[in-house]
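Have a look at the structure below, then the notes.
Just so it is clear, none of the values below were taken in a lab; they were calculated from the coordinates. All of these numbers come straight from a predicted model, not from anything done at the bench. Backbone-built Cβ (ideal geometry, glycine too); neighbour counts: all protein chains shown.
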Amino acid sequence: MKKTNAARLLEGLKIPHTLQEYPVDESDLSAEHVAREVGLPLNQVFKTLVARGDRTGVIVAVLPGGGELDPKALASVSGNKKVDLVPLKEVQPLTGYLRGGCSPLGMKKKYPVFLDESARAFPFISVSAGLRGIQVYLAPEDLRRACEGTWAPLARRAGD
């Protein structure tokens with residue numbers, strides 16, 4: 001299995017984690033697909049979104065797979081009046097990661113990270129390890145510590 005920047009970061013911090021490979025479907029890079037492939041509930045598989053605040057610039061939100069970002073909540077907790085997701089074409093230049101393989105860990109630049117507080121309900125969660133087809137399992141608090149993140153209520157269920 002390929003070692004990723006995210007895995008190297010966790011190893012350097014001596015944070016226990018497990019890497020899980022899964023088959024990639026280039027036509028379906030959704031959290032739903034990942035959850036099915038790794039056999040976890042959708043809300044235990046977390047996705048990484050890259051946004052830009054009107055005051056702070058680039059910020060990162062980590063949400064449960066079944067949730068949608070509440071932009072007002074992210075703006076409030078990050079000290080912005082307004083936040084928007086960055087266009088997909090900007091994600092790789094900003095983070096070093098491709099869509100479907102964006103991890104909150106090991107980005108090419110350090111951005112403020114905000115994690116949806118629902119993660120704390122699980123003994124471990126899954127986030128991208130930085131490559132399509134590899135997830136990393138780790139305790140939610142270990143993820144928060146590794147990315148120096150902030151807990152916040154960021155997600156609303158799809159359709160809310």
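For the range 5-152, compute the number of Lys pairs whose alpha carbons are separated by less than 20 Å, excluding pairs fewer than 8 positions apart on the same chain.
11
Please report, ordered by residue number, every helix of the chain (full DSSP H runs) that is 27 Å or longer along its axis going by C-alpha atoms and whose mean Kyte-Doolittle hydropathy reaches 1.0. Working shown, then result.
Details: long enough: none.
Passing helices, by number: none.
For every helix of n ≥ 4 consecutive DSSP H residues, a contribution of -39,500 (n - 2.57) applies; sum these over the chain, divide by its total residues, and give [θ] at 222 nm rounded to the nearest 500 deg cm²/dmol.
So the calculated ellipticity at 222 nm is -6500 deg cm²/dmol.
Can you sort Phe122, Phe46 so the residue with the fewest Cβ neighbours within 10 Å comes first? Numbers along the way, then the final one.
Values: Phe122 16, Phe46 27.
Taking fewest neighbouring Cβ atoms as first place, the list is Phe122, Phe46.
Net charge around Pro123, counting only other residues with Cβ within less than 14 Å of its Cβ (Lys, Arg = +1; Asp, Glu = -1)? Mind dumping the intermediate values first?
Values: positive: Arg120; negative: Glu141, Asp142.
Spelling it out: positives minus negatives among the neighbours equals -1.
Using the beta-carbon distance between Lys72 and Leu42 and R0 = 22 Å, what value does 1/(1 + (r/R0)^6) give for FRET efficiency, to the nearest 0.05? If you can, show how the numbers build up before the last one.
Values: r = 23 Å, r/R0 = 1.07.
According to the calculation, E is roughly 0.40.
Taking the Cα centre of the chain as origin and charging only Cβ (+1 Lys, Arg; -1 Asp, Glu), how large is the dipole, in debye to the nearest 20? Walk me through the numbers before you get to the answer.
Numbers: 22 positive and 18 negative charges, 122 e Å.
The dipole magnitude comes to about 580 debye.
In which sequence would Val91, Val45 go, from the one with the fewest C-beta neighbours within 10 Å to the one with the most? Don't jump to the answer; show the numbers that get you there.
Working: Val91 19, Val45 25.
Listing Val91, Val45 from fewest to most nearby Cβ atoms yields Val91, Val45.
Hey, got a sec? Which GluC sites (Glu not before Pro) in the range 25-134 land in a DSSP loop and have at most 13 other Cβ atoms within 10 Å? Numbers along the way, then the final one.
Working: sites: Glu26, Glu32, Glu37, Glu68, Glu90, Glu117; in loops: Glu26.
In loop regions of the range 25-134 (DSSP not H, G, I, E or B), the sparsely surrounded GluC sites (Glu not before Pro) are Glu26.
Quick one: Kirkwood hydrodynamic radius for the range 115-160, alpha-carbon pairs, angstrom, one decimal? If you can, show how the numbers build up before the last one.
On the way: mean 1/r = 0.0865 Å⁻¹.
Kirkwood radius, the range 115-160: 11.6 Å.
Answer rounded, prolate or oblate for the chain, using the Cα gyration tensor with square roots of eigenvalues a ≥ b ≥ c: rounded when a/c is under 1.5, else prolate when a/b is larger than b/c, else oblate.
Details: a/c = 1.36, a/b = 1.29, b/c = 1.05.
Rounded.
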